[in-house]
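Please treat every number below as a calculation from the coordinates, not as lab data. Here the structure is a predicted model, which is why all the values come from computation and not from measurement. Reconstructed Cβ throughout: ideal geometry from the backbone, glycine too, with neighbour counts over all protein chains shown.
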Amino acid sequence: MGALVTLDLPDDSPMLGLPWIITFGPLGDPDEWEPVVCGPYERPHALALAESIVAEEQLMAVVEPLLPAVSAEEIRGEIAAAQIAAEDEAAQLDHTDLYGDFEDTVDEELEAAGEDAEGGEPLAPPTEAELRAGFGRIAARLTGGV
C-alpha cells in the first residue's frame, strides 16, 4: 500500500471547485524514476483515481489543486505567497526545536492518521465517461462558460 497526500479543506473552500492534478512518484528513493503528473480532474475523481492506484502499489500520490493563473503577476503573487508560507514554516520549526523534537510529534500524528485510514476500502476509480464529463465541466469553468 502506498501513500496519498492532499489538502484538508473546509466544505466551503473555493479551491474545491478548481481543477486538480495527481503527481505519482516513488515512495522511497526519489531518484528511482521521474514522477508522473496526471490531470486535470475534478477533485473527487482525482482522489478516487489516486486512492485506487496507491491501494495496490508502493507509490506516493499527491493530489493538489491546479491554479489557472491568467497573468504573470498572478503567478508572481502565488510564488510570493508560497515563499512566505515556507519562511513561516521554517520559523515555526526553529521555534519548535526550542521546546522539543517536532519530528517526533509529526511521526506520531502520521502514525495516528495511518491507523485511522487503515481498514477502509479505496474508492472505486471513475469510469472513462465520468472523467470525460469532468473534463468538459473543467473546460467550461476555465473558459468562463460556468
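Tabulated results
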| quantity | calculated |
| --- | --- |
| Residue 74/residue 137 FRET efficiency (R0 25 Å; Cβ-Cβ; nearest 0.05) | 0.65 |
| Cα-derived Rg to Rh of the stretch 1-79, Kirkwood definition | 1.02 |
| Amide H within-cut-off set for residue 57, under 5 Å, with H built and near neighbours excluded | 2 |
| Cut-off under 5 Å, modelled amide H: who pairs with residue 66 long-range | 20, 21 |
